[in-house]
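Encoded as structure tokens, the structure appears first; notes follow it.
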Amino acid sequence: QVQLEESGGGLVQAGGSLRLSCAASARTFSNGGMGWFRQAPGKEREFVAGISWSGGRTWYADSVKGRFTISRDNAKNMVYLQMNIVAPEDTAVYYCATRLNGDPTNSANYRYWGLGTQVTVSS
């Protein structure tokens, strides 16, 4: 059974940090790349960060480059998103997802999704 569960969201002040975690089933995790997306109220879901299966390649949206870091621990079936210097515009529900192949920035290439975790940044 495919399972993805995000955690670590919450309320944080602008300029602060937050670390999101995504726990995946072994079957899910062994299939390939992983990614983080987010969706703010009234907006479409957007790509945040992606990572290859080995962790050797990463991709970031321009809006988070230099502030967020994606990483994975294959031994624990975990993916993380370290969020630093957060801003109110980072407020959204954050989702992790699995990708077999294709453009890592395109949500259409992700097959399985978690239910999301809310991140709220206060000014």
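The values are calculated or read from the model by the stated rules, or taken from the named source; none is laboratory data. This one's a predicted model, so the numbers in the text were calculated from it and none came from an experiment. Because the Cβ atoms are built from the backbone with ideal geometry, glycine has one as well, and the counts that use them run over all protein chains shown. Heads up: the accessible areas ignore ligands, DNA and RNA and are worked out on the full protein's heavy atoms, side chains in. Shrake-Rupley method; radii C 1.70, N 1.55, O 1.52, S 1.80 Å.
Any chance you could count how many residues in region 67-96 are in a loop (DSSP other than H, G, I, E, B), out of contact with any Phe, Trp or Tyr (no Cβ under 6 Å at 6 or more places or on another chain) and not hydrophobic (A, V, I, L, M, F, W, C)?
If we filter region 67-96 for residues that are in a loop (DSSP other than H, G, I, E, B), which is where we start, we get 67, 74-77, 84-87, 91.
From the residues that got through so far, the ones that are out of contact with any Phe, Trp or Tyr (no Cβ under 6 Å at 6 or more places or on another chain) too are 67, 74-76, 84-87, 91.
From the residues that got through so far, the ones that are not hydrophobic (A, V, I, L, M, F, W, C) too are 67, 74, 76, 84, 91.
Residues in region 67-96 being in a loop (DSSP other than H, G, I, E, B), out of contact with any Phe, Trp or Tyr (no Cβ under 6 Å at 6 or more places or on another chain) and not hydrophobic (A, V, I, L, M, F, W, C): 5 in total.
Scanning region 5-49 for residues that are open to solvent by 60 Å² or more (accessible area, probe 1.4 Å), of a type in the set (S, T, N, Q) and over 14 Å from the mean Cα position of the chain (by Cα) yields a total of 4. In region 44-65, the condition of being of a type in the set (Val, Ile, Thr) and out of contact with any Ser or Thr (no Cβ under 9 Å at 6 or more places or on another chain) is met by at least one residue.
Can you say whether residue 64 is part of a loop (DSSP other than H, G, I, E, B) and touching a Leu at 6+ places or on another chain (Cβ under 8 Å), as far as the supplied structure shows? For residue 64, the condition - part of a loop (DSSP other than H, G, I, E, B) and touching a Leu at 6+ places or on another chain (Cβ under 8 Å) - is not met.
Quick one: count up the residues across region 93-123 that are of a type in the set (Gly, Ala, Ser), open to solvent by less than 30 Å² (accessible area, probe 1.4 Å) and either in contact with a Pro (Cβ under 6 Å, 6 or more places away or on another chain) or at positive phi (or both). Break it down into steps so the answer makes sense when it comes.
Taking region 93-123 and keeping what is of a type in the set (Gly, Ala, Ser), we get 97, 102, 107-108, 114, 116, 122-123.
Add one more test, that the residue is open to solvent by less than 30 Å² (accessible area, probe 1.4 Å), and what stays is 97, 114, 116.
Remaining after also requiring either in contact with a Pro (Cβ under 6 Å, 6 or more places away or on another chain) or at positive phi (or both): 116.
Total meeting the criteria: 1.
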